Amino acid sequence: MGYLFLTLSVLSGAIKGFFAKKISDKTSGLKSAVFSNFIRMLFCIPIGLLFVLFDGGASQLSVSKEVLFVALLSGIATSAFIVSWLLAVQKSAYTAMDAFLSMGMLVPILLSGVFYNETVAISQIIGLILLLGAVVLMSVYTNQIKEKLPWSSILLLCFVGLANGATDFLQKVFTHTSTGVPASVFNFYTYVFSAIILCTFFFLLKEKKQDGVAKEQTTEQKPTFNKRKLAYIAVMAVFLFCNSYFKTLAATFLPAVQLYPLSQGTALALSMLMSALFFKEKIKPLCVVGAIILFIGLLFLNVIVF
């Protein structure tokens with residue numbers, strides 16, 4: 001069942017990523033990225049509520065303070081991830097984005113080992129090293145098909161990976177702290193908290209007092225939406241929730257050292273396919289070599305165990 005849930009999660013993530021890439025070029029600056037994702041969270045909340053009702057009814061929403069606290073932390077990490085992703089993908093190759101997300105899997109793997117005694121075999125350490133090597137190659141590949149990334153963009157990509165890793169680890173924390181609480185409830189509260197955080201952050205960014213006059217924090221344009229962009233955000237919301245929901249379910253069956261590398265590895269392969277077919281990014285030899293190293297790394301993580 002763990003692999004089935006993981007497959008559904010990866011497919012949902014790929015569809016979500018496709019539509020996120022579609023709107024990234026229409027998102028100008030930090031405020032616009034925050035507002036776009038706030039709208040996405042507003043779509044996610046009723047979707048999450050439907051999943052909760054399907055999982056057992058509104059009574060399931062009564063949870064312990066511990067679960068709410070983990071959901072709050074997850075909401076913070078989710079907000080940081082989705083905003084930084086939308087900003088970073090504008091300057092980076094789509095395939096390389098998922099390579100940096102793969103780097104973030106070290107967060108749940110290491111922390112799961114520290115807090116939940118999930119052991120890591122020697123072969124799995126080799127697999128992780130190979131995956132990190134693939135990340136480096138994908139970074140070089142980005143510089144080949146895009147303009148050379150400044151350090152600020154590289155740091156943003158690293159932040160995206162760490163934020164994604166924190167989100168994944170908090171799903172693992174939930175599976176260890178909850179008792180009979182459906183994954184849909186945890187994800188519902190995650191998106192409620194995320195919506196509150198993004199809304200608050202948007203208004204904090206919006207105005208800056210100077211000489212008693214409210215001025216814009218930056219010169220970027222105010223967020224605007226047309227029907228197509230709203231439709232894209234709605235679709236993203238559905239598959240964002242499905243991606244998180246099914247990955248949370250998979251976390252109850254698979255250890256972190258298998259779940260997150262396999263998730264990111266298959267996501268990277270799908271990203272390469274989509275970037276070539278839909279976004280016209282040239283697949284150069286360096287990208288192919290990176291993908292091969294990635295595949296070998298996945299074999300060491302999930303098949304060749306010693």
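The values are calculated or read from the model by the stated rules, or taken from the named source; none is laboratory data. The model shown is predicted, which means the values in this text are computed figures rather than measured ones. Ligands, DNA and RNA are excluded from the accessible area calculation, which covers all protein heavy atoms including side chains. Shrake-Rupley method; radii C 1.70, N 1.55, O 1.52, S 1.80 Å.
Considering each residue of the range 45-91, count those that are of a type in the set (Phe, Trp, Tyr) and open to solvent by 60 Å² or more (accessible area, probe 1.4 Å), and give that number. Step through it out loud before you land on a result.
Step one: list which residues in the range 45-91 are of a type in the set (Phe, Trp, Tyr), which gives 51, 54, 69, 81, 85.
Subset that is open to solvent by 60 Å² or more (accessible area, probe 1.4 Å): 54, 69.
Adding up the residues that qualify gives 2.
Just for the range 22-63: of the residues that are over 18 Å from LEU240 (Cα atoms) and among the small types (Gly, Ala, Ser), which one is modelled with the lowest pLDDT?
Ranking the qualifying residues of the range 22-63, first place goes to SER28.
Looking only at the range 180-200, decide whether some residue is modelled with pLDDT of 85 or more and not in a helix (DSSP H, G or I).
Initial filter on the range 180-200 (modelled with pLDDT of 85 or more): 181-200.
After this cut, where a residue has to be not in a helix (DSSP H, G or I) as well, the list is 181-182.
Within the range 180-200 (the criterion being modelled with pLDDT of 85 or more and not in a helix (DSSP H, G or I)), the answer is yes, since at least one residue qualifies.
Find the residue count for the range 92-119, including only residues that are modelled with pLDDT under 75 and open to solvent by 60 Å² or more (accessible area, probe 1.4 Å).
0
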